[in-house]
Structure formats: C-alpha cells, structure tokens
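Each remark here refers to the structure printed beneath this line.
The values are calculated or read from the model by the stated rules, or taken from the named source; none is laboratory data. What you see is a predicted model, and the numbers here were worked out from it, not measured in a lab. Every residue, glycine as well, gets a Cβ built from its backbone with ideal geometry; the counts of neighbours run over all protein chains shown. Surface areas here come from the heavy atoms of the whole protein model, side chains and all, with no ligands, DNA or RNA. Shrake-Rupley method; radii C 1.70, N 1.55, O 1.52, S 1.80 Å.
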Amino acid sequence: MASRPAPLTAPTAGQRQALIVAALCGVAAAVIALWVLHSIPVAGGFAAAMFVLTGAAFAFSRFAPAASEAQSDTDWSVARTLAAASGDALAVTDRAGKLVCANEAYRARFDGYPTPPGLPLDGGGAADLANAGRIAWRDGSARIDRITSRGRPMAVAIERAGDAGDMLVWRFHDAAGLDLAANVQSLIAGTTGDRLAAAGIMAALIAPDGKLLAANRVLRERSMGHEESVVVGRDFARFLAADAQGQVRFEREGEKGNSLRIIQIPFLEGDDAPILVALLDEEDSGRPAIGASAAAHVKSLISLLPVGLALVDRDGRFVQMNDPFVRAAQVDPNHPPLYPGDLVVREDKAAVADAVRKFANGATHSTDMAIRLKDHPDEPVALTIAGARGLGDAAVLLSLKDNGEETRLKREVAQATKMQAVGQLAGGVAHDFNNILTAIIGHCDLMLMRHSPGDSDYDDIQQVKANSNRAASLTRQLLAFSRQQTLRPQVLQLPDVISEVSQLLKRLMGETVKLEVHHGRNLGPVRADPGQLEQVVVNLAVNARDAMTAKDPTAGGTLTIATRAVTAADVRKLGNDILPVADYSLLEISDTGTGIPPEIVGKIFEPFFTTKEVGKGTGLGLSTVYGIVKQSGGYIFADSKPGQGATFSIYLPVHTAGTPTATKRAEARDKPADLWGTGTILLVEDEDMVRVVAERALTRQGYTVMTAEHGEAALELLASGERPDLLISDVVMPTMDGPTMVRHARERYPDLPILFMSGYAEEQLRKSIDLDNVSFLPKPFSVQQLAEAARDVLAAAANG
C-alpha cells in the first residue's frame with residue numbers, strides 16, 4: 001500500500017480570528033485581575049484558564065473537518081503492514097472513485113492495480129460489482145457471494161470506511177469455502193482419511209457434477225478392489241448399485257456385499273459447492289445402523305473436520321462440538337452450553353431457537369444467519385444451520401466460522417486510522433496555538449526591553465511570559481502525539497538513557513516503590529532524541545507509580561525497567577502483524593499495580609483520555625509517549641491483566657547506518673549577546689500578530705524589514721524592489737504557501753538565503769519541501785531566537 005505526504009493547509013480566516021480574540025481575552029483577563037486584585041498568581045490563573053478553555057472550544061469547533069482532512073491524508077504505514085499479512089486481496093478507493101491503496105494480494109489476483117469496479121471479471125461481474133459499490137455508499141456495506149475472474153470464483157465484501165465515510169474498502173477472497181474444500185480434499189486423501197478408514201468410515205469429496213475429487217483408502221479398496229486404485233475424476237454413482245428394496249451396495253461386491261448407509265455432510269453452501277459424503281456399512285439385520293456404532297462413526301468424522309461443526313438433537317440440546325466450533329464460539333470447556341441459544345446475546349436467542357426447531361422438525365436445505373456471541377456482542381459472526389438425517393440422535397447440524405483473526409485485523413486497522421486522525425487534529429490545533437504564543441512571547445520580550453528588573457511591571461511581564469512558555473510546552477506535547485515535534489535524534493544505547501534518569505526516577509518513586517533495572521546483552525544502538533526518550537521513561541514510570549499507590553499511598557510496589565535485544569527471528573516467533581520483521585532493542589517498563597481494564601486498553605494512547613480525578617491529569621502523558629515512539633520509528637504495546645499490573649513494551653529498530661550527518665538548523669545556542677545586524681529582510685507571514693512582532697523585533701536589531709501577508713504579495717515586492725539579503729517566511733499560508741513562493745523567488749535570485757518559521761516539525765517539513773539551503777526556526781520563538789536565527793543564516797550566506 002502506498003502513502004502520500006499530507007498537503008500543507010492553513011486554518012480558515014474565521015478560525016484565526018477566533019484564536020486572536022481568545023488570546024487577547026486571556027491577556028485582558030490577566031491584566032484586569034492584576035489591576036483589581038494586585039495578585040500575580042490570580043492573574044496567571046486567569047490567563048491559563050482562558051488558554052485552556054479556548055483550546056477546548058477551538059478543538060471542538062475544528063474536530064469534524066480536521067478529522068475528515070486527516071482521514072483523507074492518513075499515514076497508511078500501519079494499515080500497509082496489516083494488509084500485507086492478509087491473504088485476501090484488499091483495495092481502498094475514495095469518493096471520487098480513485099484507487100488510494102491496495103496490497104500485494106490484490107496485485108497478484110488482478111495482474112496489476114486496476115480500480116474497482118473496473119476489474120477483469122467474467123460475464124456481468126463488473127456491472128454487479130459497480131452496483132454493489134453503490135449499495136455500499138448508500139447502506140455502509142455490501143456483499144457479493146460469487147463472481148468469477150478468469151474462471152476463478154470469488155466473493156466480495158465492500159465496506160464504507162473513514163471517520164467521514166468517504167472511502168470504500170474492497171475485500172476479494174475465494175468464494176465461500178473454496179479454501180476449505182481444498183483443505184478437506186487433502187485431508188481425505190491423506191493421513192486423516194486413513195484415520196477415518198481405521199474407524200470404519202469411507203469418505204469421499206464429490207464435485208457438483210458427481211465426479212470424485214478425493215476418496216480415502218478404504219473407499220478406493222471397496223469400490224475398485226485395490227486401495228491404490230485411481231478413482232479421482234470418475235463418476236461416483238457408477239461405483240454403486242441399488243436392489244429392488246432400495247438398498248445400496250458397491251457394484252463390484254454385488255448382492256453379497258454389505259448394504260451401505262450414505263450420509264451427506266452439508267459443510268458448504270452454493271450450487272457449485274463440493275459435497276462431503278460418508279459411507280457406513282449397515283448392520284447384518286439390514287436395519288440402519290442408528291445406534292452407538294454409527295454415532296461413533298459420525299462423531300469421529302465431525303471431530304476430524306477443520307470447519308467448526310456441532311450436532312444438536314431434536315430437543316435443541318448440543319450432542320457434539322468439534323474443536324474448531326469450540327474456538328469459534330469461544331466456549332468455556334469447563335462450562336459447556338446446553339443449547340445453541342446459550343452462546344448468543346439475549347436479543348438473538350429466540351431467532352436461533354426458532355431456526356434450530358424448524359430444521360429439527362424436518363426443514364430441508366440450510367440457512368445462514370448473523371448472530372452475536374455473548375462474549376463479543378459487537379462482532380457479528382455467521383452461523384449456518386442445516387437439517388441432519390441418519391445421524392442418530394442428531395437432528396440439526398450447525399456450522400460456525402472462526403472470524404477471530406479477521407476481526408482482530410479490522411479492529412487494529414480501525415484503531416490505527418483513528419489514532420492517525422486524532423493526531424492530525426491535535427497537530428493542527430497545536431500549530432495554530434503556536435502562532436498565538438509566538439505573538440504573546442514576542443510582545444513580552446519587546447516590553448522587557450523597555451523595563452529594567454527593578455521596574456514594577458517587569459515581574460508582571462515575566463509572569464505572562466512564563467505562563468506562555470508553559471502553554472508552549474503543552475503544544476509540544478500535542479505535537480509529540482501527532483508525530484510533528486521537532487526531534488534531535490542521536491545514535492545511543494538504551495542503558496545510557498536509563499542511567500541518566502535513574503536518580504530522578506528514584507526521587508519520583510518515593511520510598512514505597514522499589515525500582516529495579518535489568519539490562520540484557522548485545523543491545524544494538526538506536527537512533528532517537530535522548531531528551532524525548534527520557535521523557536518517555538519518566539511518563540511511563542510516573543503512571544506506574546500512580547497505579548501502584550492509587551488506592552493506598554503506603555502500599556507501594558515494584559517498578560521494573562528492562563532492556564534486551566530482539567532479533568528478527570524473535571519477531572517472527574511473536575507473530576505480531578503490526579511489528580515488521582527486523583532487529584530491535586526492547587525497552588520494557590512494568591509495574592505491580594492494579595492493571596488496566598480491558599475496556600480502556602484501546603483508548604489509553606488517545607489525547608486527553610485519563611482515568612485520574614479532575615485536575616490531577618491532562619490525559620496527554622501516554623499520548624506524548626505514543627507520538628515520540630512512533631516519530632522515532634518504533635512501536636509501543638501495552639499488555640495488562642486487571643490486578644496483575646501492566647507492561648509497556650517499546651521496540652526501537654537497531655540503527656545500522658553510519659554516523660548521521662548534521663542538519664543545518666536555526667536554534668538557540670550559547671552565543672555572544674551582540675545580535676545587531678544590517679541588511680534587508682523580506683518577512684512573509686499571513687498571521688498579522690506574528691508578522692507585527694517579528695517586524696518590530698528585526699527592526700530593533702538594525703535590519704531594514706519589508707513585509708508581505710502572503711506569497712503572491714512577496715513575489716510582487718521582489719519583482720518591483722531591490723534584492724533582499726534574507727527571506728523569512730511562514731510555511732503554511734493561504735493562496736500560496738511558503739515553499740511555492742520560495743521556488744518562484746529563486747528563479748530570480750538562485751542564491752537567496754531562506755529561513756522558514758513554522759509550528760510543524762522540521763523533520764516533517766523537510767520530507768515535503770524539496771528545497772536546498774534552507775533553515776528552520778520552530779514556533780513559538782522569542783525575539784532573541786529570531787534575531788539569532790537571522791544573524792546565523794546571513795553569516796552562513798556570507799561565508800558560503
């Protein structure tokens with residue numbers, strides 16, 4: 001499956017105005033509180049409260065469209081891994097009918113990547129498929145039980161997907177039971193057929209045209225006289241003969257041979273489905289062998305079949321369930337159900353009981369019905385019910401398909417898509433708030449330049465700036481979750497990271513929680529941001545401490561941090577569909593706390609989800625951990641059983657490349673205080689509040705500043721004015737974005753130095769911007785950071 005970089009989009013004018021008003025309201029509330037109450041903490045509280053409320057309201061106002069946009073630009077890396085693990089042909093199309101992605105099985109089945117419904121189908125298959133697609137758009141799902149492509153029968157399931165319902169997922173698989181029929185055929189012809197023969201059962205698989213597809217050893221010997229005889233492809237009816245009383249015998253044995261009881265096992269549906277037949281010798285009395293002997297034969301046959309089958313008597317009670325049925329129905333072996341209705345939810349009990357009663361009373365053919373198992377009521381499964389004759393006490397045959405693996409894959413894909421959509425939303429909110437915070441922090445810096453530390457207003461301005469920096473840390477957590485945070489990756493060893501934070505962890509754990517650290521051998525190096533990796537360890541450790549001391553602060557427990565090497569062979573043994581086969585360094589953090597309830601395990605990495613009391617948690621801790629791990633190329637899994645603690649496993653790929661090359665960045669470093677500069681700077685920024693503060697800051701440092709509110713205005717200035725010494729531009733802007741504007745500018749001035757400023761991560765921007773010799777300044781930034789970045793870029797251009 002393929003993925004595309006997300007396009008750079010700007011917030012609407014209405015959203016920007018709402019943010020500006022909210023930000024000014026927060027500052028105004030703080031100033032009024034300070035003036036009336038003369039209390040700096042209270043004023044800071046007003047400002048912080050306004051930021052939080054504004055963030056919540058803005059997030060709600062943008063949720064629907066943001067989720068929709070994120071859905072359309074989903075990162076398909078996780079879905080690609082899951083789809084590759086499926087043997088079914090999978091494809092996704094959008095509302096415009098465009099093929100978004102498809103897996104390798106799809107390419108192999110259709111010799112390429114044609115777009116549904118325009119597939120190489122026999123007869124009117126393409127028209128049927130197009131009609132099913134229209135039904136799926138209308139009703140949410142559609143199915144075709146049988147179409148053919150180049151003579152190969154297959155079934156199709158189509159589902160509308162995406163938070164906005166703007167995609168169709170097409171799943172093509174072999175027609176119902178085709179794989180199962182092949183399995184049964186090989187079983188009958190192999191050792192399983194020999195086991196049936198030892199139990200006195202002659203078994204055959206017969207095609208719809210009456211030709212033998214497979215026969216076990218004893219049937220070949222009885223019908224042809226030798227067990228090595230070739231019977232496959234021959235007409236099964238020619239081996240049999242009926243006398244005047246209607247009793248059936250093998251033709252070669254004549255009237256001296258034993259009469260036969262022929263039992264048909266309806267394990268597949270469809271006119272072209274093969275038929276499974278068992279032949280049993282009648283007793284000497286000529287009466288049907290309905291007693292214990294025949295029942296034993298039937299039970300042996302049922303138990304050996306790979307499909308989930310169960311027998312029910314005329315009173316509706318279970319007679320037998322084979323192992324595949326037990327697994328599919330999730331039956332507790334210690335408390336087996338008496339009736340089929342005991343397996344399903346209360347709403348489905350009556351329908352199942354009525355269907356069983358109907359077939360027990362003589363109804364022919366069979367029926368399929370969707371049921372919901374009581375242990376998993378949200379996941380319907382298909383139950384096939386058929387009447388059974390000549391099976392002793394059994395009157396009804398039930399068939400249940402084990403959909404556990406398919407359901408799990410669907411659930412994981414849905415969760416991955418959901419997390420991606422929420423991440424895009426969180427990143428968009430954080431980006432917009434970074435613009436506001438850039439303006440607030442910049443104005444604070446400008447005011448601090450006019451006040452000395454002894455001034456009465458100096459401390460108040462410092463408080464506003466400090467609280468703005470706290471808000472900036474919250475936006476960094478949102479960007480971390482959405483994998484848009486600017487990281488500084490290094491090649492490092494996990495034990496070194498644990499050693500750096502071990503003393504801090506001991507203080508955080510307190511006296512009641514014991515910290516144990518275990519390191520494995522032969523750990524491979526990983527490439528990650530050491531500071532962010534330390535934050536991951538601290539966040540998980542603090543959550544573990546809270547889980548162990550939530551009910552009783554004096555109870556305590558044990559926090560265990562372990563590292564070990566995981567080879568590609570180990571990954572294969574795990575059988576995890578999400579974790580690609582590779583070498584990893586594993587970081588495990590486990591506790592002896594209360595564990596995580598199963599119903600919330602799937603939600604713990606979502607932003608703002610918390611089980612703590614109001615005011616005791618933001619719900620961003622684990623979402624930040626998730627984002628840092630994913631942005632570092634790793635995988636994180638949570639494993640927990642209630643009452644037995646929780647274990648978080650972080651798999652980071654072993655770094656095998658050479659020493660990474662440093663990337664040119666504009667960042668704050670220890671430098672001389674002299675930031676004075678000369679030259680002309682063209683400043684392009686669509687946010688008025690950011691443009692104003694940046695212009696004032698650069699002008700104070702001695703630069704001549706020209707400003708433009710978008711890319712087209714900047715190009716007009718370049719065409720009519722003198723060449724600037726430096727171009728500073730936002731990345732995401734309406735009408736024309738920053739990278740597009742820079743490409744046009746460099747057509748006129750190829751060596752023009754560029755400094756991009758953005759609230760998005762530098763790594764993400766570099767993937768979508770194919771420009772050389774550009775620097776980045778992450779928002780929010782201070783006046784000093786902006787001046788340092790401008791000076792550094794100009795100095796590099798002069799020396800280059």
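Put VAL536, VAL232 in order of accessible area, largest first, 1.4 Å probe: what do you get?
On the way: VAL536 0, VAL232 90 Å².
Correct descending sequence by accessible area is VAL232, VAL536.
How much length is gained on full extension from ARG150 to ARG696, taking 0.36 nm per residue of separation minus their Cα-Cα distance?
Gain on stretching ARG150 to ARG696: 189.5 nm.
Per the Kirkwood treatment, what hydrodynamic radius in Å, one decimal, follows for segment 522-594 from the mean inverse distance over all distinct Cα pairs?
Its Kirkwood hydrodynamic radius stands at 14.3 Å.
I'd like the accessible area for GLU712: 1.4 Å probe, protein heavy atoms, all chains in place, Å² to the nearest 10.
90
Starting from the Cα coordinates of segment 301-387, work out the convex hull volume and express it per residue in Å³.
Looking at segment 301-387, the number lands at 95 Å³ per residue.
Using a probe of 1.4 angstrom, how much of the accessible area of segment 530-574 is carbon and sulfur, in percent?
That fraction is 52 percent.
Filter the cross-link list LYS514/LYS641; LYS603/LYS630; LYS374/LYS573; LYS603/LYS641; LYS98/LYS630; LYS506/LYS603 down to pairs whose alpha-carbon distance in this structure exceeds 23 Å.
LYS374/LYS573; LYS98/LYS630; LYS506/LYS603
What's the extension gain from THR367 to ALA96 if we count 0.36 nm per residue and subtract their Cα-Cα distance?
Numbers: separation 271, 0.36 × 271 = 97.56 nm, distance 3.73 nm.
Working it through step by step, the gained length comes to 93.8 nm.
Can you give me the pair-distance distribution of segment 517-557, C-alpha pairs, 10 Å bins, whole percents?
Distribution as computed: 24, 34, 29, 13 percent.
Would you pull out the residues with amide H under 5 Å of THR558's amide H, same chain only if 5 or more places away, H placed 1.01 Å from N?
LYS514, THR592
Quick one: net charge around LEU187, please, counting Lys, Arg +1 and Asp, Glu -1 for every other residue with C-beta under 11 Å from its C-beta.
Numbers: positive: ARG195; negative: ASP194.
Residues close to LEU187 contribute a combined charge of 0.
For a Förster distance of 45 Å, can you work out the FRET efficiency between the beta-carbons of THR191 and VAL601, rounded to the nearest 0.05?
Efficiency, from the Cβ-Cβ distance: 0.60.
Carbon and sulfur together cover what percent of the accessible area of segment 678-800 at a 1.4 Å probe radius?
45
Using label points projected 7 Å from each Cα along Cα→Cβ, tell me how many nm separate VAL345 and THR735, to one decimal.
5.5
Would you tell me the accessible area of ILE262, worked out with a 1.4 angstrom probe on the heavy atoms of the protein chains, in Å² to the nearest 10?
80
In nm², what is the average projected area of the convex hull enclosing the Cα atoms of segment 682-793? Numbers along the way, then the final one.
Working: hull surface 25.2 nm².
If you wrap the Cα atoms of segment 682-793 in a convex hull and average its projections, you get 6.3 nm².
So, R0 is 56 Å and r is the distance between the beta-carbons of LYS514 and ASP457; what FRET efficiency does that work out to, to 0.05?
Result of the calculation: an efficiency of 0.65.
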